[in-house]
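In what follows, a structure is listed as structure tokens, so that the remarks can point back to it.
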Amino acid sequence: MNEVVDRVIHTFGMMRNLDEAGLREARESVDSYISTLSSAGETDPKRLAVYGLAYLRNREDGTPQGLTGC
């Protein structure tokens, strides 16, 4: 799962201008989220990366209007 988290943080870091503390916080947050998804049965690394990136974007920007976040 570390590879998935690394991929998400790398991509998110390219999209946002975050300092080391921001990246560290994002890493901890997405690591927990990916672990939850993984323990629920999601094992596809590509899907986990997409979900992790969407999670971080939603956390930073809020839920897009018209979406429930489910």
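Read-outs: derived from the displayed coordinates by stated rules, not from any lab. The model shown is predicted, which means the values in this text are computed figures rather than measured ones. Cβ sites come from the backbone with ideal geometry, for glycine too, and all protein chains shown count toward neighbours.
Fully extending the segment from S38 to M1 would add 12.5 nm, taking 0.36 nm per residue of separation and subtracting the current Cα-Cα distance.
Summarising the overall dimensions of the chain from its C-alpha atoms, the Rg and Dmax are 11.8, 33 angstrom. Here is the list for the stretch 6-52: GluC sites (Glu not before Pro) lying in DSSP coil, each with at most 16 other C-beta atoms within 10 angstrom of its C-beta, are E42. Whole-Hz Karplus values for the stretch 51-56 come out as 4, x, 5, 4, 4, 5 Hz, taken residue by residue from phi with 6.51 cos²θ - 1.76 cosθ + 1.60 and θ = phi - 60°; glycine and proline positions read x.
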